[in-house]
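Let me begin by presenting the structure, written as structure tokens, before commenting on it.
Quick note: the coordinates plus some simple rules give every number you see, no bench work behind them. Source: prediction; values computed, not measured. All Cβ positions, glycine included, derive from the backbone under ideal geometry; neighbour counts span all protein chains shown.
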Amino acid sequence: MSAMRHLLDLCKRRGFLFQSAEIHGGLRGAYDYGPLGVELKRNVSQEWWNSMVYQRSDVVGIDTAIITPPAVLKTSGHVDQFTDEMVDSRLSKERFRPDKAPELKLDDQGRIPITAPDKNTAKLWENDIRTQFARGAMITRSGKQILMEVERMERDRIVLKQDPSTTSTTSDLDSSLQIPYHGYVDPNSNSPFLTESRPFNLMFKTYLDPIDPIDKVITTTLDAQKSSSDLSNTRQLVDKVLYPSLTYLRPETAQGVFINYMTIQRSHPHLRIPFGIAQVGKSFRNEIRLEHAIFRTPEFEQMELEYFVAPWQAQDQFTSWRKFRMDWWRTYARHHDRIRERPHTQDELAHYSSGCVDVEYLFPWGWGEVEGIANRGDFDLSKHSEATGIKLQYTDAILMQERQAREKATGQKENNTEVLAKERYTPHVVESSCGLNRAMLALMLDAMEAVDEQGRTVPLGEEKGVRTIMRLHPRLAPVKVAVMPLVSNNKDLVDICTDISNRLRQELQVNVALETQSTTIGKRYYRMDEIGTPWCVTVDFDTLNDHNVTIRDRDTGEQRRVSKDEAIDIVQDSLRLYPRHSRPQQTIAA
Ligand code: ATP
């Protein structure tokens, strides 16, 4: 079983994560987070907020609306440019993004193997290829695989071998045997029979109107067609009628920050550049291809920071933020070799951006982006400023007062443009944009480990005699402590457990499980290991006399006999992000 399958099974069985609306057949790409999943997701989000907002004096939070008027997203460029290229597979009718699709694979005899989901589909596809897509090509079929002989590969096309037994004319064969090739194939089947790629806007539209927009579309279309049958004209009329109620579900949280830049600055005059505004919230994208469970879904959460800097600080700040964010990832992930930064190539960069890196995690299917960090220049504030006529600038009050004092003293106005440009300017923005759901997936995969009966690590996939330990960072663990009586039906032991768990809840404000299932203590420990609980506290008959308990460490399996107070202290100490007296440098120099 693959690591991903293993994780998804565990997630469903233990109540982290499952398909939404499953009893009604489910909805592709929609997931619900169960009692443990919701805790883990909140903890990841809280750790992000803690490091980005609470640990710093230069960042404040915001929570902006999801429903967004078109003017905002037209200005930001999303209405015209938030597109992905889309391609359809002509055999399977699957839709996919060519930029994420693999290159053509050949088998060891140089043939193209096209894999259908089953034997019957392979027969249908073979017929489609023979009659429509590559008439006269040399094809064989073996089970659910269709094998096509290749004459030669050229830069932008594949020339297939001709079947000598076909009777078609030579010219007919020539064109049928040449398939355009743009460097990618259908990711599922390896088929090169594809439509041309076309752009597709990822934003979800919705209409703020009690009248069903479809009624408006029908009425407008019928009226328009009475006077003209020109379809593009009808489309324009429909768009015009719908426009007043048109809104979008935001595709990122960042725009909510830019449009509130001035209001935040005015209400928080202590914020001097460089300063940041952080936001965690839902975003929506009508993704062409939903993949790898919560890795790519239409509805997801982002944790974003827009950090406003002076233009001359931007490059250094970009570098500092890259380090700061990589340090964050390394605090919570165990396998540092599975996290890397990938700088964008020049042709990946947005035209306004002077630097962008993806933070990537090595998922079971390969490297995948979990966060983007970008030096966005002044693009966003300048665009919103142009569109609204409102100057979204920063004035350095101290520099201004100093200049005014000099002017008063000398009696002369200072018009030096360099001095004025340092005093008032449109800030540049360094952005960190992290997917909460993707982060959660990466951190779960990172923490998950299979061990055999002797506690030795074994590869995931070996099922027999293997159990899972989720070695999550204690601050991420959904349950921090499980308190359990040695015997679950003994009222005295259960009462002590109830008392200890209440103390833990009240004193540490953490999620505690009172485990009273009537299975062996060993099994209960293993169940807690599987969901990542760092400590189990066991109350036994000796506790009735000596008031001590056993505390067990998830990662070492070590058990210590300690007093109740000591048990609480151990948990509290281990939940500290940094040991006392060794705080790392958290702020970035201005
Ligand atoms: P991708 O190339 O994977 O589509 P992106 O470059 O479009 O991602 P950004 O626009 O930079 O992503 O968004 C910032 C972060 O939001 C990503 O790093 C990712 O963690 C998260 N994210 C983006 N799209 C999705 C999605 N459909 N589902 C889950 N998380 C997403």
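A few points about this structure:
- Mean-position separation - Cα centroids, region 1-77 and region 101-161, in angstrom: 40 Å
- Cα gyration tensor shape for region 305-355, rounded if a/c is under 1.5, else prolate or oblate: oblate
- Straight-line cross-link reach from K105 at under 28 Å between alpha-carbon atoms covers these lysines, not counting any fewer than eight positions away in the same chain: K93, K119, K123, K144, K161.
- Low-density loop cleavage sites - trypsin sites (Lys or Arg not before Pro) in region 27-124, where at most 12 other Cβ are within 10 Å (DSSP): R28, K93, K105
- For the chain, the average shadow cast by the Cα convex hull is 39.9 nm², which is a quarter of the hull's surface.
- Ascending count of other beta-carbon atoms within 10 Å, so fewest first, for Y361, Y181, Y243: Y243, Y181, Y361
- Put in line by how crowded their Cβ is, counting other Cβ atoms within 10 Å and starting with the fewest, V72, V419 read V419, V72.
- Put a dot 7 Å past the Cα of L349, heading toward its Cβ, do the same for D223, and the two dots end up 5.0 nm apart.
- Straight-distance crosslink candidates among lysines, where the alpha carbon sits under 27 Å from K226 and sequence neighbours closer than 8 are dropped: K216, K240
- Using 0.36 nm per residue and subtracting the Cα-Cα separation, the extra length available between L147 and H292 on full extension is 49.4 nm.
- Shape category assigned to region 420-555 from the gyration tensor of Cα positions, a/c cut at 1.5: oblate
- D215-R342 FRET efficiency (beta carbon distance; Förster radius 51 Å; 0.05 resolution): 0.60
- Anisotropy class of region 106-146 from Cα gyration tensor, a/c 1.5 cut: oblate
- Estimated FRET transfer efficiency (D107, R5; beta-carbon r; R0 35 Å; 0.05): 0.85
- Stretching Y54 away from K74 to a fully extended chain increases their span by 3.8 nm, per 0.36 nm per residue minus the current alpha-carbon distance.
- Where labels lie 7 Å past Cα in the beta-carbon direction, separation of Q572 and A21 in nm: 4.8 nm
- Shape index of region 88-198: Rg/Rh, with Rg the Cα radius of gyration and Rh the Kirkwood radius from the inverse mean 1/r over Cα pairs, equals 0.93.
- Pairwise centroid distance, computed over Cα atoms, of region 497-571 with region 305-322, Å: 45 Å
- With R₀ fixed at 51 Å, the C-beta to C-beta distance from Q178 to D452 puts the FRET efficiency at about 0.40.
- Nitroxide proxy distance, nm - points 7 Å out along Cα→Cβ at E386 and Q559: 7.0 nm
- Cα radius of gyration and Dmax for region 479-588 (Å): 14.7, 55
- Of V483, N511, G522, farthest towards positive along the dipole that unit charges on Lys, Arg, Asp, Glu beta carbons give region 479-588: N511
- Database remark: amide H of V150 closer than 5 angstrom to the amide H of I112, K161 (H placed geometrically; neighbours at sequence offset of 5 or more, or on other chains; Pro and chain starts carry no H).
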